[in-house]
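Quick notes on the structure that follows.
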Amino acid sequence: MGEGTSRRMKVAAPFLGLTAGVLLLAGNALAEGEADRFWPQWRGPLGTGVAPHGDPPVHWSETNGVRWKTPLPGVGHSTPVLWDNRIYVTAAAPTGKGQEPVYNMASGAHDNFAITNRFDYMVLALDRADGKVLWNRKVHQALPHEGGHYTGSQASASPVTDGSHVFAYFGSHGLYCLDTEGTVVWELQLGRMNTKHAHGEGSSPALHGDILVVNWDHEGDSFVAGLDKRTGRTLWKKDRNEPTSWSSPMVVEHDGRAQVVVSATERVRGYDLKTGEVIWECAGLSHNVVATPVAGHGLVFVANSYDRQAMLAIRLEGARGDITDTDQVVWSRNRLTPYVPSPLLYDDTLYFIRHLQGILSCVDARTGVDRHGPFRLNGIGMVFASPAGAAGRIYIADRQGATLVFRHGPDPEPLAMNHLEDAFSASPVIAGKELYLRGERSLYCLVEE
């Protein structure tokens, strides 16, 4: 399917009502319980970085173990999502003739670059079997208002799918709901985001049931919002006294109640998914929060590492109101914490990267006590991708094209160091016996041979 004319509804900021009554199909493509065999959101089916039914390859190279390799337009850092036999990925590519440079000289801007072209913002569907592009839908075109950091991209937020629809988020350039054939069902323009240091946008949406959650923290009027996935209608919207954060919201169920956890500088907060009301809040992180929370064993784990290092383990049972400096914070640490890569929770072990570097900590999730290491990961350079786990193995990819595979458990020994001719900022995706790596040039499907 080409670009063509798509059926869509537009919702203009600030969250005006829809102009037509199109609804999404209520059911998913497969039976309930099948989602954990796929990768429907950027941290996997459990939101922890683990594929519970996955058994991906250990060894590969450009000449061995590549089932297919499909070039992608532009440079994108969003992690693909996968459901059944399709993979969905977002991309953004410059188009047309260059114009006057756009470079937002925001306070503290550094390592930014000028953008002189308009960009096409796209959603693609690929066939899982052979990597063929089934459709490429251009959903928007614009000249970005911020140049962005040299390590960033115009397609950094990962999509999410429920099997019947895919929700693609480009921040200032819109939120789009598409069906599995690439038709745009509805779109929402939330406004213009001005990020700290003009470093660009990157928070991904979260989906739970019929509610889609978006975090809009920036150098302006920040908020978090819950949207009806069927129509894009705003169900609730809560203002936030927060500077820019790149952390994605995470939904966790506790005592039969779903809550949205959002990490940020002033407070980590838990919101009621249905109403948006704040259940609890906790200070303790520093500026430039990027890593997404992860939850398990009745705890939520949050971390960052910019102007100082911080990690908190927050007990959900009994969490009400301001829980800063209370025993609801079960443990904390102020060293070796992650900046961009989010933690991986595998069984009762929490894995995390120190800042952006190849230094790995493995701690008991319940106590925060080091189980192994920390380890220096020889051969691993700058890390933006979050670790993934499956079949008793951990996968860590870096921006130099290397992926380290090592054993999960009491003996975390290295199993393989693999290299491809690309750079990986998107996180590994695992489904069945396949590993998918989205590079700055191509999407790889890797299998054991």
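Put simply, of R399, R393 the only residue that is in contact with a Gly (Cβ under 7 Å, 6 or more places away or on another chain) and either closer than 20 Å to W42 by Cβ or among the basic types (K, R) (or both) is R399.
Evaluate the following for G276: is it modelled with pLDDT of 95 or more and assigned to a loop (DSSP other than H, G, I, E, B)? Explain how you work it out, then say what you get.
On the way: modelled with pLDDT of 95 or more: yes; assigned to a loop (DSSP other than H, G, I, E, B): yes.
Answer is yes for this residue.
Give, as residue ranges, the strands (runs of 3 or more DSSP E) completely inside the stretch 374-449 that count at least 3 residues that are more than 18 Å from V50 (Cα to Cα) and in contact (Cβ under 8 Å) with a residue 24 or more places away in the chain. Working first, answer last.
Working: elements: 388-390, 393-397, 402-407, 414-419, 429-431, 434-438, 442-446.
Answer list for the stretch 374-449: 414-419, 442-446.
Where strands (runs of 3 or more DSSP E) fall wholly inside the stretch 94-209, the ranges with 1 or more residues that are within 19 Å of the chain's Cα centre (by Cα) and aromatic (F, W, Y) are 118-127, 165-169, 175-179. Checked against the criterion of being under 20 Å from S78 (Cβ atoms) and surrounded by 24 or more Cβ atoms within 10 Å (Cβ to Cβ), the candidates A423, A390, A397 yield just one match: A397. Where strands (runs of 3 or more DSSP E) sit wholly within the stretch 215-258, none has at least 3 residues that are among the basic types (K, R), assigned by TED's automatic domain parsing to the domain that holds G174 and without any contact (Cβ under 8 Å) to a residue 12 or more places away in the chain. Tell me the residue from R366, R333, R354, R320 that is in contact with a Gly (Cβ under 7 Å, 6 or more places away or on another chain) and of a type in the set (D, E, K, R), please. Result: R333 is the single residue among R366, R333, R354, R320 that is in contact with a Gly (Cβ under 7 Å, 6 or more places away or on another chain) and of a type in the set (D, E, K, R).
The rows are residues; the columns are (1) at pLDDT 95 or above; (2) part of a strand (DSSP E or B); (3) over 15 Å from S247 (Cα atoms).
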site	(1), (2), (3)
E281	yes, yes, yes
L285	yes, no, no
A291	yes, no, no
I314	yes, yes, yes
S332	yes, yes, yes
L350	yes, yes, yes
Q357	no, no, yes
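The C-beta contact set for the stretch 41-57 (first residue surrounded by 24 or more Cβ atoms within 10 Å (Cβ to Cβ), second residue of a type in the set (D, E, K, R) and in a loop (DSSP other than H, G, I, E, B), distance under 7 angstrom, 6+ apart or interchain) comprises G49/R43; P56/K433.
The values are calculated or read from the model by the stated rules, or taken from the named source; none is laboratory data. Note that the structure is predicted; figures quoted are calculated from it, not measured. Reconstructed Cβ throughout: ideal geometry from the backbone, glycine too, with neighbour counts over all protein chains shown.
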